[in-house]
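A quick write-up on the structure given underneath.
The values are calculated or read from the model by the stated rules, or taken from the named source; none is laboratory data. Model, not experiment: these values are computed from the prediction. We place every Cβ from the backbone using ideal geometry, glycine too, and count neighbours over all the protein chains shown. Heavy atoms of the whole protein, side chains included, go into the accessibility calculation; ligands, DNA and RNA do not. Shrake-Rupley method; radii C 1.70, N 1.55, O 1.52, S 1.80 Å.
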Amino acid sequence: MPTPRIRMKRLLAAPARLCAVITLFRHDERGGITIMGLLLLISMLVVGGMAVDFMMFEARRATLQGVTDRSVLAAAKLGEDFATEAEAEAHATSVVLDYFAISGQTANLAGAPLVNASGQSRSVTVDANLGVSTNYLRLIGMDRLETGVTSSAIEGTSDIEISLVLDTSGSMGTIDTGQTQSRMDFLQTAATDFVTTLLDPQYEDQISVSLVSYSEHVNLGDDIYDAINAANPRTVDLSTGAQFNNPSRCVDIPDAEFDNTEWNNATITYKQVEHYDPWGNDNIAGPIQTICPTVASSAIIPLSQNATALNLAIDALEPYTNTSIHSGVKWGITLLDPTFRPILSTISSIDPAFRGVRPTNYPAPENALDTIKYVVLMTDGDNVAGYRLRDSGYNSVLKRTYWANSSYNYWDNHKAASPFPSYTFETTGKTATQKDTLMQSICTAARNQGIIIYAISMREAELDINGDPILTSGAQQMQSCASSIENHFFETSASDVSDVFETIANQITDLRLSQ
């Protein structure tokens, strides 16, 4: 049995041993990694669990969105006739409800579908809500994930304005390898089918088509020429009283006007293009192809829904002179711009449904489906440098009369017998590069206004040494003009151009998911 002295020594030593044990424990690092690993593992499990919650939520949201999209597309689809709009709306509502019921999503519908139906179109909007309870996110206080799903679809047409801009340059008379018809023949078939499809009676008073044919210049026709602020076509010789009426109905548009879509009729007097032939035979008097076409069928037809009249004009188109795509597209866009409405409102021959009303104002972004404006632009080539007379060569009755009876080449080779044996009337005109620049300027301005541009490059296939198609300069210009390369630019052969026009017509009038 320990003596009292020994017991006292042990009692006195106990605190020292305890301190030693504590100190040893404090400095002992064994097992630290395990503890840290457990903490990290728990954190990783929580984060991973949260990801699982989000993934499950997104999968269910995607499923609901898919059901919503499919239901509105099916409900908006035209094809059945109903006695009243109420019956059509009830049918569309029933289609939506069936889709949700079959998919087990009825509980997620946020109210009844919104349906608007008419003989020409049908639109459907559906709202749905999704709520999912979480398993892991609740650890950080998120017990539930929620979102809303909306989808709208429309089939048929809004109010639509179309400018159909067709190349009628001389190369359109070409018969491509392996074909028996000319490019013009193929175009006329495609364009008439296009017009007939769009101007179906069910779209009455909704779709207007303006026809613009272009070659070296665009023939405005008497009505538009007389309505704009153009130079007086009459030249009078004050000394003799003789006069000459220039039959040209083409005008020069200043380069600066290609930077915008507006029509300036207040501060610009548009210069009348001279009536002369730079291509005629050297030995045959008389113009063959003047730089401004004067045949009636080449004149602009504005704001029409008369398929018969449009198709007769298209069937009468003839290949004619050089190519100025910039001029064609500028006039096509002008016929869509609301600043040209006062000009067109003075033309009594325009359809009463459109005169004084169209071109409509550009819609605000939130009302983009209210009025849609399209340019359908077609060419078979590239911009080509043009020819012009100097003002000094077209400033008298005598000179204008002479050009109306002799080509430039004929006059040049018979100068000695002409009234101007010592005078040289040099020809000037825009280069191909200048035309390309103006074309891109007006296309950009139009796209900025929300005008949708379809561009069709129709040509015989050209292949490189590897057998791959070559995108020519003209095709590149058309590609750059189009609203998009993927959906609005088409490179095609003449024999396939009908398929392209059919595709465009279907895209303009077909079913579309709007949200």
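Of all the numbered requirements in (1) of a type in the set (A, V, I, L, M, F, W, C); (2) in a loop (DSSP other than H, G, I, E, B); (3) within 21 Å of THR346 (Cβ to Cβ), ILE224 misses one, and that requirement is (2).
Residues that are part of a loop (DSSP other than H, G, I, E, B) and closer than 14 Å to ILE288 by Cα within the stretch 389-424 comprise SER406, SER407, listed in sequence order. ILE284 falls short on exactly one of the conditions (1) touching a residue at least 24 places away in the same chain (Cβ under 8 Å); (2) under 30 Å from VAL209 (Cα atoms); (3) open to solvent by 60 Å² or more (accessible area, probe 1.4 Å); (4) β-branched (Val, Ile, Thr), and that condition is (2).
Residues in the stretch 303-342 that are under 25 Å from the mean Cα position of the chain (by Cα) and among the β-branched types (Val, Ile, Thr): ILE314, THR323, ILE325, VAL329, ILE333, THR334, THR339. The selection criterion, being at pLDDT below 90 and out of contact with any Cys (no Cβ under 9 Å at 6 or more places or on another chain), holds for THR401.
Name the single residue that is farthest from the chain's Cα centre (by Cα) among those in the stretch 75-102 being farther than 11 Å from ARG122 by Cα, among the acidic types (Asp, Glu) and modelled with pLDDT under 90. Looking at the filtered set, the residue picked out is GLU87.
The set of residues from the stretch 51-71 being closer than 23 Å to ASN116 by Cα and either small (Gly, Ala, Ser) or at pLDDT below 85 (or both) comprises GLY66, SER71. Applying a threshold of 9 Å to beta carbon distances and a minimum spacing of six or more residues, or different chains, the list of pairs starting in the stretch 306-322 at a residue that is over 11 Å from ASP167 (Cβ atoms) and without any contact (Cβ under 8 Å) to a residue 24 or more places away in the chain and ending at one that is hydrophobic (A, V, I, L, M, F, W, C) and open to solvent by 50 Å² or more (accessible area, probe 1.4 Å) reads ALA316/VAL295; ALA316/ALA296.
For the structure I just gave you, tell me whether ILE314 is over 17 Å from ASP223 (Cα atoms), among the aliphatic types (A, V, I, L, M) and out of contact with any His (no Cβ under 6 Å at 6 or more places or on another chain).
Values: over 17 Å from ASP223 (Cα atoms): yes; among the aliphatic types (A, V, I, L, M): yes; out of contact with any His (no Cβ under 6 Å at 6 or more places or on another chain): yes.
Yes: the conditions hold for ILE314.
Test ASN413 against the stated conditions and say whether it is surrounded by fewer than 16 Cβ atoms within 10 Å (Cβ to Cβ), polar (S, T, N, Q) and more than 46 Å from the chain's Cα centre (by Cα). Yes.
Of all residues in the stretch 342-362, at least one satisfies being of a type in the set (Ser, Thr, Tyr), assigned to a loop (DSSP other than H, G, I, E, B) and closer than 30 Å to VAL500 by Cβ. Of all the numbered requirements in (1) open to solvent by 20 Å² or more (accessible area, probe 1.4 Å); (2) on the phi < 0 side of the Ramachandran plot; (3) within 25 Å of the chain's Cα centre (by Cα), THR174 misses one, and that requirement is (3). Can you find a residue that is farther than 28 Å from ARG388 by Cα, charged (D, E, K, R) and open to solvent by 10 Å² or more (accessible area, probe 1.4 Å) anywhere in the stretch 316-334? Checking the stretch 316-334: not a single residue is farther than 28 Å from ARG388 by Cα, charged (D, E, K, R) and open to solvent by 10 Å² or more (accessible area, probe 1.4 Å).
In summary, ALA461 fulfils each of the numbered conditions (1) modelled with pLDDT of 90 or more; (2) over 30 Å from ASP252 (Cα atoms) with the single exception of condition (1). Annotation: of all residues in the stretch 425-437 being in contact with a helix residue (DSSP H, G or I) (Cβ under 9 Å, 6 or more places away or on another chain), of a type outside the set (Asp, Glu) and part of a loop (DSSP other than H, G, I, E, B), the one that is modelled with the lowest pLDDT is PHE425. In the set (1) under 30 Å from LEU211 (Cβ atoms); (2) open to solvent by less than 70 Å² (accessible area, probe 1.4 Å); (3) acidic (Asp, Glu), the condition left unmet by ASP193 is number (2).
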